[in-house]
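What follows is one structure encoded as structure tokens, with my remarks underneath.
The values are calculated or read from the model by the stated rules, or taken from the named source; none is laboratory data. No experiment lies behind these values; they were computed from the predicted model shown. Counting neighbours? That spans all protein chains shown, and the Cβs are built from the backbone with ideal geometry, glycine included. Areas reflect the complete protein model, heavy atoms only, side chains present, ligands, DNA and RNA absent. Shrake-Rupley method; radii C 1.70, N 1.55, O 1.52, S 1.80 Å.
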Amino acid sequence: MRVFEDVFKRKVRLTDERYEHLVSEHPEMVEQIDKVKESLFGPVIVVRSKADSQVELFYRHYKSTPVTQKYLCIVVKVRADDSFIITAYFTDTIKKGKILWEKK
């Protein structure tokens, strides 16, 4: 298990099970843990999911990824006593939802 700090100074877990899911469902995420850590701590925007009020989406743009220029989206379940990564993937777009934090 890995533990990262997000832009809100919370501890965010990435369990071995979730890491295995991440790299099996999104093979382009192999060897991208540094970007996951970077995106949690220094996102360009954090959006609350419209589908689940306990889910926050952390986005950071990268000019170079295994799949060209993309945003990395980190999907985090946030509870009062625990925060953990559900999945992460590269994407072209930022989903709509309530903006919780934005880089100025």
## Note on the structure
Between residue 86 and residue 50, the two model label points (7 Å from Cα along the beta-carbon direction) sit apart by a distance in nm of 1.5
## Note on the structure
Of the accessible area of the chain, computed with a 1.4 Å probe and all protein chains kept, carbon and sulfur make up a percent value of 50
### Query
What number, in percent, do you get for the relative contact order of the chain if the mean sequence gap of Cα pairs under 8 Å and at least 6 apart is divided by its residue count?
28
### Query
How much accessible surface does residue 57 have with a 1.4 Å probe, in Å² rounded to 10?
10
## Note on the structure
Candidates 35, 63, 11; GNM for the chain (alpha-carbon contacts under 10 Å) flags as most fluctuating 63
### Query
If you work out percent of Cα pairs over 17 Å apart from the coordinates, which of (i) 57; (ii) 47; (iii) 53 do you get?
(ii)
## Note on the structure
A correct Karplus calculation of ³J(HN,Hα) over the stretch 18-24, with 6.51 cos²θ - 1.76 cosθ + 1.60, θ = phi - 60°, whole Hz and x for Gly and Pro, returns 5, 5, 5, 4, 4, 7, 7
#### Entry: Residue-by-residue Karplus 3J(HN,Hα) for the stretch 4-14, coefficients 6.51, -1.76, 1.60, Hz, glycine and proline x
10, 10, 9, 5, 8, 6, 8, 7, 10, 8, 10
### Summary
Over the chain, the sum of -39500 (n - 2.57) across DSSP H runs of at least four, divided by residue number and rounded to 500 deg cm²/dmol, gives at 222 nm -5500 deg cm²/dmol
#### Entry: Amide H partners (placed H, <5 Å) of residue 86, local residues excluded
75, 76, 77
### Query
From the cross-link list 63/103; 63/98; 11/63, which pairs have alpha carbons spaced over 24 Å apart?
63/98; 11/63
